[in-house]
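Accompanying notes for the structure given below.
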Amino acid sequence: MSTALTILEKQFEPLAPRLAQALAGQIPVERLIRTVLISVERLPLLLECDRQSLFMSAMSAACLGLEVDGVTGQAFLIPYAKKAQLVIGYKGYNTLGARGNLTITGAVVREGDPFEYEKGSSSFVRHKPLLGQP
């Protein structure tokens, strides 16, 4: 592990109790910190980001109980204007939905497909893909 990653890991140590509290047992705090370090190792520009933004992004991931390693697709740490940003991936939204007993699905709607939807108390989505389209 590089010196910069070792330093970052040490900087996370005092935050571990707060991260563990936010995680509420959803994933071990050590695993969350490890996923942050993996993200930084894969995208070294994150080391140039403001540390507070990196810590706050990790805390946001902890509150949501999502991993930020970029492998699981749950969430990603992205450097933007010298600040780390937490971006939730579609698998992260699926994870959050599953925890709330929701099923989230997606499909391609092509031009010409019959598609209707309505929001509100009687919401619905109706999509019938035309046969023979790729």
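The values are calculated or read from the model by the stated rules, or taken from the named source; none is laboratory data. Every value quoted in this text rests on a predicted model; they were computed, and no experiment measured them. Here the Cβ is made from the backbone with ideal geometry for all residues, glycine too, and neighbour counts use every protein chain on show. All accessible areas refer to the heavy atoms of the entire protein, side chains included, with ligands and DNA or RNA removed. Shrake-Rupley method; radii C 1.70, N 1.55, O 1.52, S 1.80 Å.
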Rounding to the nearest 20 debye, state how big the charge dipole of the chain is about its Cα centre with +1 on each Lys and Arg Cβ and -1 on each Asp and Glu Cβ.
140 debye
For the range 1-38 and the range 69-89, compute the distance between their C-alpha centroids and round to whole Å.
15 Å
Phi-derived 3J(HN,Hα) across the range 70-82 with the Karplus relation (6.51, -1.76, 1.60, θ = phi - 60°), rounded Hz, x for Gly and Pro, is x, 9, 6, x, 6, 7, 9, 9, 10, x, 8, 6, 6
Would you be so kind as to identify which of 97, 46, 14 lies farthest towards the positive end of the dipole of the chain, taking Lys and Arg as +1 and Asp and Glu as -1 on Cβ and the Cα centre as origin?
97
Can you divide the C-alpha Rg of the range 68-134 by 2.2 N^0.38 Å and report the result to two decimal places?
1.55
Along the Cα→Cβ direction, 7 angstrom out, place labels at residue 128 and residue 2. What is the inter-label distance in nm?
5.7 nm
Enumerate the lysines that residue 82 could reach by cross-link, defined here as Cα to Cα under 25 Å, with residues fewer than 8 away along the same chain left out.
10
Leaving out same-chain residues fewer than 8 places away, which aspartates and glutamates sit with a Cα under 18 Å from that of residue 128?
111, 113, 116, 118
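Run the accessible area of the chain with a 1.4 Å probe and give the carbon-and-sulfur part as a rounded percent.
Details: 5010 of 8790 Å².
Result for the chain: 57 percent of the exposed heavy-atom area is carbon or sulfur.
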Pairs of alpha carbons in the range 1-78 whose separation is greater than 22 Å (percent):
12 percent
Can you give me the long-range amide H partners of residue 69? Hydrogens built in the peptide plane at 1.01 Å from N, cutoff under 5 Å, separation of 5 or more residues or another chain.
75
Convert each backbone phi in the range 101-110 into a coupling constant with the Karplus relation 6.51 cos²θ - 1.76 cosθ + 1.60 (shift: θ = phi - 60°), then list the ³J(HN,Hα) values in order as whole Hz, x for Gly and Pro.
6, 10, 10, 10, 10, x, 7, 7, 10, 9
What's the ranking of 56-64, 20-28, 116-124 by average number of surrounding C-beta atoms within 10 Å, highest first?
56-64, 20-28, 116-124
Descending Cα extents along the principal axes, the range 13-131, whole Å:
54, 29, 23
Compute the distance in nm between two label points, each set 7 Å from the Cα along the Cα-to-Cβ direction, one at residue 121 and one at residue 91.
4.0 nm
Counting only residues 5 or more apart in sequence or on a different chain, those whose built amide H sits under 5 Å from that of residue 83 are 50
For the chain, dividing by residue count, accessible area per residue (probe 1.4 Å) in Å² works out to 66 Å²
